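For reference, the structure discussed in these notes is given below.
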Amino acid sequence: MPRDPVVVVEPLRPRARCAECRRGPLRRMVAEPSAPLCLDCAGLGHLVYLPRGDAALTRRAREASGLWAVVVRHDRRRTRYERRGVLVEEAALARAEAACLADAGARARRRARDAERRAAEDVRFTAALEAEIRRLFPGCPAGRAAEIAAHASVRGSGRVGRTAAGRTLDEGAVTAAVRASVRHRDTPYDTLLTRGVPRRQARVRVAPAIEAVLASWRR
């Protein structure tokens with residue numbers, strides 16, 4: 001069974017020093033339970049950094065490397081750690097680059113086919129989402145239903161249309177997409193936020209107006 005990779009953290013503001021050698025501030029560190037370690041003291045100093053972006057190169061470099069680590073950084077907006085790249089052995093990276101160069105043409109053609117397939121899937125899904133919005137909310141203007149479906153179904157957006165429930169056209173997820181549109185388009189919600197009203201309080205204040213619009217569209 002494969003061992004979980006070591007996790008290396010890139011602090012947003014490097015301040016910490018290594019608990020063993022006292023070097024710092026550390027641009028990358030291994031966050032041990034007791035104290036942070038620099039890459040040299042953690043036994044990773046000989047590895048080279050490969051930023052994210054090329055999935056095939058990353059996969060091949062990982063597979064060829066006897067030791068590797070994943071590099072993450074905290075995303076304040078999403079309040080979670082996001083992968084930035086990997087640390088791999090230099091020789092493994094060289095072998096992976098050579099392998100990727102050898103089949104670059106075939107991979108480019110496959111990416112083009114995959115992009116066409118995804119685009120067709122997106123068109124079908126957006127149309128199905130629009131139809132479900134109009135079924136649940138027959139009073140919703142046709143142009144508005146199309147706008148909501150297009151906005152909620154953008155691939156990679158993290159919006160409700162791309163969630164597992166949204167992709168199955170779950171009624172709750174579809175209603176949530178419509179409710180979000182009404183909140184921003186038909187209530188003073190955004191204005192309240194710009195005036196400093198806390199998000200939760202602003203949502204409570206506009207909730208009756210949202211429900212009134214939804215009720216009219218359901219008819």
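For the stretch 142-151, a residue qualifies if it is buried (at least 21 other Cβ atoms within 10 Å of the Cβ) and small (Gly, Ala, Ser), and the qualifying residues are 145, 149.
Out of all the residues in the stretch 21-35, is one or more modelled with pLDDT under 90, in a strand (DSSP E or B) and more than 30 Å from residue 108 (Cβ to Cβ)?
Within the stretch 21-35, the subset modelled with pLDDT under 90 is 23-24, 31-35.
Applying the additional criterion that residues be in a strand (DSSP E or B) yields 31.
Now restrict to residues that are more than 30 Å from residue 108 (Cβ to Cβ): 31.
Looking through the stretch 21-35, at least one residue is modelled with pLDDT under 90, in a strand (DSSP E or B) and more than 30 Å from residue 108 (Cβ to Cβ).
Among residues belonging to the stretch 58-91 that are out of contact with any strand residue (DSSP E or B) (no Cβ under 7 Å at 6 or more places or on another chain) and among the hydrophobic types (A, V, I, L, M, F, W, C), point out the one that is surrounded by the most Cβ atoms within 10 Å (Cβ to Cβ). So the residue we want is 64. Among the residues of the stretch 185-219 satisfying the criterion of being part of a helix (DSSP H, G or I), of a type in the set (A, V, I, L, M) and over 23 Å from residue 135 (Cβ atoms), which is farthest from the chain's Cα centre (by Cα)? So the residue we want is 209.
Does residue 182 meet the test of being under 25 Å from the mean Cα position of the chain (by Cα), assigned to a helix (DSSP H, G or I), at pLDDT 95 or above and hydrophobic (A, V, I, L, M, F, W, C)? Reasoning before the result, please.
On the way: under 25 Å from the mean Cα position of the chain (by Cα): yes; assigned to a helix (DSSP H, G or I): yes; at pLDDT 95 or above: yes; hydrophobic (A, V, I, L, M, F, W, C): yes.
The answer is yes for residue 182.
In summary, helices (runs of 4 or more DSSP H) completely within the stretch 47-144 and bearing 2 or more residues that are of a type outside the set (Asp, Glu) and within 30 Å of residue 211 (Cβ to Cβ) occur at 104-136.
Give the number of residues within the stretch 1-49 that are over 23 Å from residue 92 (Cβ atoms), of a type in the set (Lys, Arg) and under 29 Å from the mean Cα position of the chain (by Cα).
The initial filter retains those residues of the stretch 1-49 that are over 23 Å from residue 92 (Cβ atoms), namely 11-26, 31-36.
Then keep just the ones that are of a type in the set (Lys, Arg); that gives 13, 15, 17, 22-23.
Now narrow it down to the ones that are under 29 Å from the mean Cα position of the chain (by Cα): 13, 15.
Adding up the residues that qualify gives 2.
Of all residue pairs spaced 6 or more apart or on separate chains, those with beta-carbon atoms under 7 Å, a first member in the stretch 61-78 that is within 17 Å of residue 46 (Cα to Cα) and a second member that is of a type in the set (Phe, Trp, Tyr) and not in a strand (DSSP E or B) are 62/68.
Restricting the stretch 152-174 to residues that are surrounded by fewer than 17 Cβ atoms within 10 Å (Cβ to Cβ) and under 15 Å from residue 214 (Cβ atoms), which is nearest to the chain's Cα centre (by Cα)? So, considering only residues that are surrounded by fewer than 17 Cβ atoms within 10 Å (Cβ to Cβ) and under 15 Å from residue 214 (Cβ atoms), the one nearest to the chain's Cα centre (by Cα) is 172. Of all residues in the stretch 114-141, those satisfying the criterion of being of a type in the set (A, V, I, L, M, F, W, C) and either in contact with a Ser or Thr (Cβ under 8 Å, 6 or more places away or on another chain) or buried (at least 18 other Cβ atoms within 10 Å of the Cβ) (or both) are 125, 129, 133, 136, 137, 140.
Yes/no per residue for (1) touching a Lys or Arg at 6+ places or on another chain (Cβ under 7 Å); (2) modelled with pLDDT of 95 or more; (3) under 30 Å from residue 59 (Cα atoms):
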position	(1), (2), (3)
111	no, no, yes
115	no, no, yes
128	no, no, no
155	yes, no, yes
170	no, no, no
216	no, yes, no
219	no, no, no
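The values are calculated or read from the model by the stated rules, or taken from the named source; none is laboratory data. Note that the structure is predicted; figures quoted are calculated from it, not measured. Backbone-built Cβ (ideal geometry, glycine too); neighbour counts: all protein chains shown.
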